[in-house]
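In what follows, a structure is listed as structure tokens, so that the remarks can point back to it.
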Amino acid sequence: MEEILLGESEFDLMELIWDMAPVSSGELVALCDERFAWKKSTVYTMLRRLCDKEIIRNDNSIITYIVDKEKVQRYQSENLVRKNFGGSLSLFVNSFLGDRSISREEAQKLIDMIEKHTED
């Protein structure tokens, strides 16, 4: 597995898979029709792409995930920071916050996270 970047629709489908796995492909088709108005062919095309990316497995029409949600989120977040902010987490946070304020509690949570991940 080299790349775990997902498009918005692929991520929507993965949300269902992460919530329901193991799940039959037929059940996914029905859910996707209900929630997103996707055709059967669209769902099967996305399932094939996700299999090719080695993010899911399709064994006899039973879909399970190989890569968990947190790993996908981490990879996509790192890619966003690298691609759009030159790898600078501080530039990303500054851009993300913009002109808005955060609560002291939220700021303290961020400080605690930063301290936990700071190298000596």
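The values are calculated or read from the model by the stated rules, or taken from the named source; none is laboratory data. The structure presented is a predicted model; accordingly, all values stated were derived computationally and were not measured. Neighbour counts run over all protein chains shown; Cβ positions are idealised from the backbone, glycine included. Areas reflect the complete protein model, heavy atoms only, side chains present, ligands, DNA and RNA absent. Shrake-Rupley method; radii C 1.70, N 1.55, O 1.52, S 1.80 Å.
Kindly provide the set of residues from the range 1-48 that are open to solvent by less than 60 Å² (accessible area, probe 1.4 Å) and hydroxyl-bearing (Ser, Thr, Tyr), ordered by number. Result: Ser9, Ser24, Ser25, Thr42, Thr45.
Scan the range 58-65 and give yes if some residue there is assigned to a helix (DSSP H, G or I), open to solvent by less than 60 Å² (accessible area, probe 1.4 Å) and of a type outside the set (A, V, I, L, M), otherwise no. Scanning the range 58-65, I find no residue that is assigned to a helix (DSSP H, G or I), open to solvent by less than 60 Å² (accessible area, probe 1.4 Å) and of a type outside the set (A, V, I, L, M), so the answer is no. Note on the range 73-88: residues that are surrounded by 14 or more Cβ atoms within 10 Å (Cβ to Cβ) and in contact with a helix residue (DSSP H, G or I) (Cβ under 7 Å, 6 or more places away or on another chain) total 2.
Exactly one residue among Glu54, Glu34, Glu27, Glu10 is in a loop (DSSP other than H, G, I, E, B) and not hydrophobic (A, V, I, L, M, F, W, C), and that residue is Glu54.
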